[in-house]
Amino acid sequence: MEKEELKANQDAQERRAKKKPSAKKNTITLVPLYCKGCGLCVDICPTGTLQLYDDPKNKFGASVIIEAPDFCIGCKLCELQCPDFAIFVNYEEEKKEGGQ
Ligand code: SF4
Ligand code: SF4
């Protein structure tokens, strides 16, 4: 991984170390085909839930992994930040609630 990617992972881990697991369970859905491993979601996640990893199957060389799902607070910042619609939070649950 590049230096910036390693730094993004390290910063995320430091943020997570200051948090506790979320009281509410949230579901994160990643669409690997759309993810280009840019790390914007890793940078913005306030709880350090996400991490980057080297992914030879991705044409950009990196992808995201949901490393600590228990820490996700469902804020959706990752979903809003992703330029490629590659990550969704509580998508199925909200679809059901919305009756769609
Ligand atoms: S912001 Fe989107 S494209 Fe970028 S790493 Fe995260 S999920 Fe992948
Ligand atoms: S919803 Fe919020 S806490 Fe959960 S992974 Fe996305 S940015 Fe992180």
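The values are calculated or read from the model by the stated rules, or taken from the named source; none is laboratory data. All values derive from a computational prediction rather than experimental measurement. Neighbour counts run over all protein chains shown; Cβ positions are idealised from the backbone, glycine included.
Considering only the range 68-100, state which residues are β-branched (Val, Ile, Thr) and in contact with a Lys or Arg (Cβ under 9 Å, 6 or more places away or on another chain). Write out each step before concluding.
From the range 68-100, those β-branched (Val, Ile, Thr) are 73, 87, 89; that's our starting set.
Of everything in the range 68-100, those that are β-branched (Val, Ile, Thr) and in contact with a Lys or Arg (Cβ under 9 Å, 6 or more places away or on another chain) turn out to be Ile73, Val89.
Does Val42 satisfy being in a helix (DSSP H, G or I), at pLDDT 95 or above and among the aliphatic types (A, V, I, L, M)?
Numbers: in a helix (DSSP H, G or I): yes; at pLDDT 95 or above: yes; among the aliphatic types (A, V, I, L, M): yes.
Yes: the conditions hold for Val42.
Taking first residues from the range 28-43 that are polar (S, T, N, Q) and partners that are outside any strand (DSSP E or B), the Cβ contacts under 9 Å between residues at least 6 apart in sequence or on separate chains come to Thr29/Asn90; Thr29/Tyr91; Thr29/Glu92.
Within the range 27-73, restricting attention to residues that are over 14 Å from Phe88 (Cα atoms) and among the aromatic types (Phe, Trp, Tyr), which residue is farthest from ligand 2 (Cβ to nearest atom)? For the range 27-73, the residue satisfying everything is Phe60.
Every listed requirement among (1) surrounded by 11 or more Cβ atoms within 10 Å (Cβ to Cβ); (2) closer than 25 Å to Glu4 by Cβ is met by Glu93 save one, (2). Inside the range 52-84, residues that are within 12 Å of ligand 1 (Cβ to nearest atom), hydrophobic (A, V, I, L, M, F, W, C) and either modelled with pLDDT of 95 or more or not in a loop (DSSP other than H, G, I, E, B) (or both) make up a count of 9.
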